[in-house]
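Note sheet for the following structure.
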Amino acid sequence: MLDIHQFTYGEDNYGVLLHCRNSGDTAMIDAGDAYAGELALERTGWSLSQIWITHHHDDHTAGLAVLKAKHNAHVIGPATRGKPLAGVDQQVDDGEHFSFASREVKVLTTPGHTLDMTNFYLPHEKLLFTGDTLFAMGCGRLFEGDAQMMWASLSKLMALPSDTTIYCSHEYTATNATFALSVDPDNQMLIDRARQVTDLRASGKPTVPTNMSLEKATNPFLRVGDGAIKTAINMEDKSEVEVFAKLRKMKDNFKG
């Protein structure tokens, strides 16, 4: 059985510890803050054995050197595309897999936010770690890739089972919900979810994890083929990639 401990650091980042009770193995997904990571390990009493890095941005890697040295952890990260990432023991690429606690972890490259963005999927557990690719009701900004690249990456994730549990790396859900309502105002499931998000955040509770079924129903970046959204943004006759690109630009400039 796997246990999951999600912890916060920075303004809105999430780190995750994944622990196998039988083997005692523990993986940390991203290592953006060594102090927060150490505190999470102390609170759980787990011993760190692996670190999985989703991409090279500092808020995902700043604590890597310290955590790796202290725990002698095996670091698994993306194949180099653009900026090199120091400290990675095992580079992985799309379609490859590795083992954690006798479980298969599939590697899904999802470029768009960065060129090296990598997601990790445990098929038996239907568990997905999306980094900054897919957020609850949102997706990552296009810092290094383009709209076509990011839409292909999101489409890859959408092909996973609808009951897949999703851990993303930021607590952006409240602002994402506000934007989603601006382009999909008549979506009752979205309206209900936005209210739930407001209540959760008012109570200081996380909105992550989410799941693929919920995202397909309420995340506008996964609903670019929906007629109501196309009409709302005057893109009725445009392709899915074009609609996605327009939504992403709108979100970048959104002031709501």
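Applying the condition of being in contact (Cβ under 8 Å) with a residue 60 or more places away in the chain and not in a loop (DSSP other than H, G, I, E, B) to the stretch 162-174 and asking which residue is nearest to Ser203 (Cα to Cα) yields His170. Pairs are defined by a Cβ separation below 8 Å, a sequence spacing of at least 6 or placement on different chains, a first member in the stretch 105-127 that is closer than 16 Å to Thr61 by Cα, and a second member that is crowded, with 20+ Cβ neighbours inside 10 Å and at pLDDT below 95; the pairs so defined are Asp116/Leu85.
Taking the condition surrounded by fewer than 22 Cβ atoms within 10 Å (Cβ to Cβ) and either more than 20 Å from Glu96 (Cα to Cα) or among the basic types (Lys, Arg) (or both), does Thr109 pass? Considered against the rule, which asks whether it is surrounded by fewer than 22 Cβ atoms within 10 Å (Cβ to Cβ) and either more than 20 Å from Glu96 (Cα to Cα) or among the basic types (Lys, Arg) (or both), Thr109 comes out as no. Among the residues of the stretch 176-196, those that are touching a residue at least 60 places away in the same chain (Cβ under 8 Å) and in contact with a helix residue (DSSP H, G or I) (Cβ under 7 Å, 6 or more places away or on another chain) comprise Phe179, Val183. The numbered conditions (1) without any contact (Cβ under 8 Å) to a residue 60 or more places away in the chain; (2) within 20 Å of Ala147 (Cα to Cα) are all true for Met250 except (1).
Restricting to the stretch 174-197, and then to whatever is of a type in the set (Val, Ile, Thr) and touching a Leu at 6+ places or on another chain (Cβ under 8 Å), can you tell me which residue is surrounded by the most Cβ atoms within 10 Å (Cβ to Cβ)? Looking at residues that are of a type in the set (Val, Ile, Thr) and touching a Leu at 6+ places or on another chain (Cβ under 8 Å), I get Val183. From the list Gly256, Gly227, Gly204, the lone residue that is in contact with a Phe, Trp or Tyr (Cβ under 7 Å, 6 or more places away or on another chain) and farther than 22 Å from Leu128 by Cα is Gly256. State all residues of the stretch 65-91 that are within 23 Å of Trp46 (Cβ to Cβ) and of a type in the set (A, V, I, L, M); if no residue qualifies, say none. If the condition is that a residue be within 23 Å of Trp46 (Cβ to Cβ) and of a type in the set (A, V, I, L, M), then Ala65, Val66, Leu67, Ala69, Ala73, Val75, Ile76, Val88 are the ones that fit. Can you confirm whether Asp93 is modelled with pLDDT of 95 or more, surrounded by fewer than 21 Cβ atoms within 10 Å (Cβ to Cβ) and within 20 Å of Ser153 (Cα to Cα)? Yes, satisfied. Listed by first and then second residue, the pairs linking a residue in the stretch 29-48 that is over 16 Å from Ala73 (Cα atoms) and β-branched (Val, Ile, Thr) to a residue that is modelled with pLDDT of 95 or more and surrounded by fewer than 21 Cβ atoms within 10 Å (Cβ to Cβ), with Cβ atoms under 6 Å apart and 6 or more places separating them unless they lie on different chains, are Thr44/His5.
The values are calculated or read from the model by the stated rules, or taken from the named source; none is laboratory data. Quantities reported herein were computed from a predicted structural model and do not represent experimental measurements. When we count neighbours, we look across all protein chains shown, and the Cβ atoms used for this are built from the backbone with ideal geometry, even at glycine.
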